[in-house]
Amino acid sequence: MAEKEVPLTAVKVDALVVMKIIKHSSQSFPTTATGSIVGMDVDGTLEITNSFPFPVVEMPADSHFDNAAPNPAAAAPRAKANVAYQAEMIRMLREVNVDANNVGWYTSANMGNFVNMNVIENQFFYQKEMNERTVALVHDVSRSAQGSLSLRAFRLSSKFMTAFKENKFTSEELQKSSLRHQDIFVELPVEIHNSHLITTFIHQLQCPSQSTPTDLPPSLAALEKSSFVKDSVLAPNFDNLSLSIDPFLEKNCDLLLDSIETHHTETNNFQYYQRSLAREQAKITAWQAKRKAENASRAALKQPLLPEDEYQRLFKLPQEPSRLETMLNTRQVEQYSRQIDSFVSATTGKMFAVKGNLLPGETAK
Amino acid sequence: MAETDSFLHLARPLGPMAVGSAPTTAPLNVVIHPQALFSILDHSLRRNADQERVIGTLLGTRSEDGTEVEIRTTFAVGHTETTDQVEVDMEYQKQMLALHLKANPKEVLVGWYATSSELNTFSALIQNFYSGQGDGTFPHPAVHLTVSTEPGKDVETRAYISAPVGVTAERAADSAAFIPVPYEIRYGETEKSGLESIAAARDVESRAANIFTDIEALERAVEEVLGMIDRVSKYVESVIDEEAPASTALGQFLLNALALAPKVEPADIERDFNNHIQDVLVVSYLANTIRTQMELSNRLATAQLTLGGESGNAESGQRGGQRGGKGGRGGQQRTQDRSGEEARA
């Protein structure tokens, strides 16, 4: 690992890793799947060349749809047993010439709902304990199923790292550091990279070798059975053109509502804190006034004065709730709304196309 | 693949059988997942300079009646080969298998692969090890997959199972009759989009591609469809001009495809279109409003000092805090209203 600190600027993912992550994520969908990625850091570009899943810690079967329940798979990257597993696996991989440096971990997500404490803590753990130059790859299963692959790479910003290390998430600290929800993650551009062999292989997959011009099919049945009707592997995914928008919108609205609820809870917490703080402050002021009066009368009677700062012992100010959860929630909502925006832009295009197609003349000027 | 062999299965070879169980002769079909092939190719790239071929273990699932084997995962196993000796790192294979089974408890050992099309005595030796009792796939036959990775040639994949041959025990140990079996490459819905992105890099010299955004993917798909329509209309035109031979089957097929266009009343289209576009836009609007509201509420909650004057003492911070809290609540209520609307929408 070169010590010259070139900041990480891009992530290059091998085709193999893409496929492995997709397989693992879709196998365990809708539960979160996590695993480790290995690779090499070449002048600020993180090349990810292999990956392996983390073993899932035994989980009771009933916790399928309950996101609130602690999800062992989501916490897996920082579990003790998995650190050992990972070290062991990397040692094994090194023997067969794989670039065996731990460069981060991956997780699966559903509709972009990956901004949560688990991800933050995992990535924090990786950036702090393992290696500063690590990334979290997020593969969004539901969005990928809709047509275009969604694979993104994130790191925690150094600003957030320092704040998280010292757990400085009170309003005062946030004012000082001017840390905003946009500053939590740094997204790195992801590029897919193929080896020569895979390039060859893909070319082969695409065009089954054909030396003679094909004969015309003798009948409809023969045509329907021939290999040409089966969709080719690598053509653009025509699921993109599907017009079913309602499930997507519905799911997104659900997620947004959840976020609003979280936000509400957090605001309530904060207000509760404000009220109790005000109450304590009032008590302290009362106590101070009383002590002052007492001291005044004592001074009049030439008695020794009582200390005036005793209140610090007597009253305990409530702890300010951490603003972290709110920040994450805001970041999450931002994520959702971006997602909706990009979906809407594609969908409106498709809808106008369909309308123009079915009602020729109406939209033509 | 390079050549697709056609298969006629009379009966599959009989493997070593447990005493008492009836030998099964059902044909065997091998299904390969793309990521397994990818990792074989990757391993082949990472072989030592002096190594002709590399081998590894295939993991996957076996259907209940044993007629279909799915190869899902592979891992590399180190081995050394000289002219008269082969050494496979069995310890490594065992440990790696244990590690893999921890993460994928559903997958079982199904066979092994080698990255050359050649079958020799060593192949037989290794095959006998993988199909043997104890650590092997016994009583099921072990699948041997060869993936040729010679530069400049097509990647050629073949699948085999084996039957024991040999008259004496020593001879049987290092010989096997390899029987080719049919295989297919299968990928799921979710893998499709992944493969698509990977394929996007196939014609680029740097062999790298960025991930598409939604709208780019849509553009590509539309372009592809337009290209296909062009091709078909060109063909149809040349048939009309009597340049190309006509085919009733093709004509029928095209007609069927055209008949798929729905016939709907313009008024219905207009109505559905308006409803849907409104839905979409409303959700987009709401999402962005919610985002703004939340951000505003957060800003108010944390940035009160600039509003309340930079006095910095506890009292003013306190007051400012309360104001921030209120701001947060205001924002909250508004977003709640929005969510109500949204539920109605």
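How much solvent-accessible surface does B:Val108 expose, in Å² to the nearest 10, with a 1.4 Å probe and all protein chains in place?
Only protein atoms counted, so the area is about 60 Å².
Can you put B:Tyr160, B:Tyr235 in order of accessible area, largest first, using a 1.4 Å probe?
If we order B:Tyr160, B:Tyr235 from most to least accessible, we get B:Tyr235, B:Tyr160.
Ordering B:Asp50, A:Asp309 by accessible area with a probe of 1.4 Å, largest first, what comes out?
Numbers: B:Asp50 135, A:Asp309 95 Å².
The most accessible residue leads, giving B:Asp50, A:Asp309.
Taking Cα centroids, how far is the range B:54-109 from the range B:178-234 in Å?
30 Å
When you look at the Cβ of every residue in B:229-235, what mean number of other chain Cβ atoms sits within 10 Å?
Whole-number average of other-chain Cβ neighbours for B:229-235 is 0.
Taking the Cα centre of the range A:243-356 as the origin, how large is its charge dipole in debye, to the nearest 20, when only Lys and Arg (+1) and Asp and Glu (-1) carry charge on their Cβ atoms?
Working: 16 positive and 15 negative charges, 147 e Å.
It comes to approximately 700 debye.
Which order do you get for A:Leu328, A:Leu314, B:Leu258 if you rank them by accessible area with a 1.4 Å probe, largest at the top?
Heavy-atom accessible area, descending, gives B:Leu258, A:Leu314, A:Leu328.
Can you give the accessible area of A:Thr9, probe radius 1.4 Å, in Å² rounded to 10?
A:Thr9 has an accessible surface of roughly 80 Å² with all protein chains in place.
At 7 Å along the Cα-to-beta-carbon direction for both B:Phe253 and B:Arg271, put a label point, then send me their distance in nm to one decimal.
If labels sit at B:Phe253 and B:Arg271, their model points lie 3.9 nm apart.
Amide H neighbours of B:Ala142 under 5 Å, counting only residues 5+ apart in sequence or on other chains, H built in-plane at 1.01 Å?
Excluding prolines and chain starts, which carry no amide H, the hits are B:Ser162.
Say the dipole of the range B:212-261 comes from +1 at the beta carbon of Lys and Arg and -1 at that of Asp and Glu; which of B:Thr213, B:Leu255, B:Val225 then lies farthest toward its positive end?
After comparing all options, I get B:Leu255.
Find the all-direction average of the projected area of the Cα convex hull for the range B:29-189, expressing the result in square nanometres with one decimal place.
That works out to 10.2 nm².
Measure up B:Lys192/B:Lys234; A:Lys355/B:Lys263; A:Lys80/A:Lys159; A:Lys251/B:Lys263; A:Lys12/A:Lys251; A:Lys176/A:Lys316 against 19 Å on the Cα-Cα distance and list the ones that go over. Write down the numbers at each step before the final one.
Details: B:Lys192/B:Lys234 29 Å; A:Lys355/B:Lys263 13 Å; A:Lys80/A:Lys159 27 Å; A:Lys251/B:Lys263 31 Å; A:Lys12/A:Lys251 31 Å; A:Lys176/A:Lys316 24 Å.
Over 19 Å apart, Cα to Cα: B:Lys192/B:Lys234; A:Lys80/A:Lys159; A:Lys251/B:Lys263; A:Lys12/A:Lys251; A:Lys176/A:Lys316.
Mind checking the mean number of beta-carbon atoms from other chains within 10 Å of the Cβ atoms in A:263-272?
Taking all residues of A:263-272 together, the mean is 5.
State the percentage of accessible surface on the range B:29-189 attributable to carbon and sulfur atoms; use a 1.4 Å probe and exclude ligands, DNA and RNA. Can you show the working numbers first?
Numbers: 3550 of 6920 Å².
Looking at the range B:29-189 in its full context, I get 51 percent from C and S.
For the pair B:Arg171/B:Asp241, report the inter-label distance in nm, with labels modelled 7 Å from Cα in the Cβ direction.
6.9 nm
What average count of beta carbons from other chains do you get within 10 Å of the Cβ of residues in B:50-62? Can you show the working numbers first?
On the way: counts 0, 1, 0, 0, 2, 0, 1, 0, 0, 0, 0, 0, 0.
Rounded to a whole number, the mean comes out at 0.
Would you kindly derive the ³J(HN,Hα) couplings of the range A:301-315 from the backbone phi angles with the Karplus curve 6.51 cos²θ - 1.76 cosθ + 1.60 (θ = phi - 60°), listing them in order in whole Hz, with x for Gly and Pro?
My calculation for the range A:301-315 gives 8, 6, 9, x, 6, 8, x, 9, 9, 5, 4, 4, 7, 6, 10 Hz in order.
Could you state the orientation-averaged shadow area of the convex hull built on the Cα atoms of the range B:210-254, in nm² to one decimal?
So the mean shadow area of the Cα hull is 4.2 nm².
Kindly give Rg over Rh for the range A:243-356, based on alpha-carbon atoms, with the Kirkwood expression for the hydrodynamic radius.
Over the Cα atoms of the range A:243-356, Rg/Rh equals 1.45.
So, in nm, how far is label A:Thr348 from label A:Arg298 when the simple model puts each one 7 Å beyond its Cα toward the Cβ?
My value for the distance between the label points is 7.3 nm.
Please turn the phi angles of the range A:322-331 into ³J(HN,Hα) values with the Karplus equation 6.51 cos²θ - 1.76 cosθ + 1.60 (θ = phi - 60°), one per residue in order, whole Hz, x for glycine and proline.
Taking θ as phi minus 60°, the curve returns 5, 8, 4, 4, 4, 4, 4, 4, 5, 4 Hz for the range A:322-331.
The values are calculated or read from the model by the stated rules, or taken from the named source; none is laboratory data. Computed from a predicted structure; not experimentally measured. Positions of Cβ are generated from backbone atoms using ideal geometry, with glycine treated the same way; all protein chains shown enter the neighbour counts. SASA here: full protein model, heavy atoms, side chains in, ligands and nucleic acids out. Shrake-Rupley method; radii C 1.70, N 1.55, O 1.52, S 1.80 Å.
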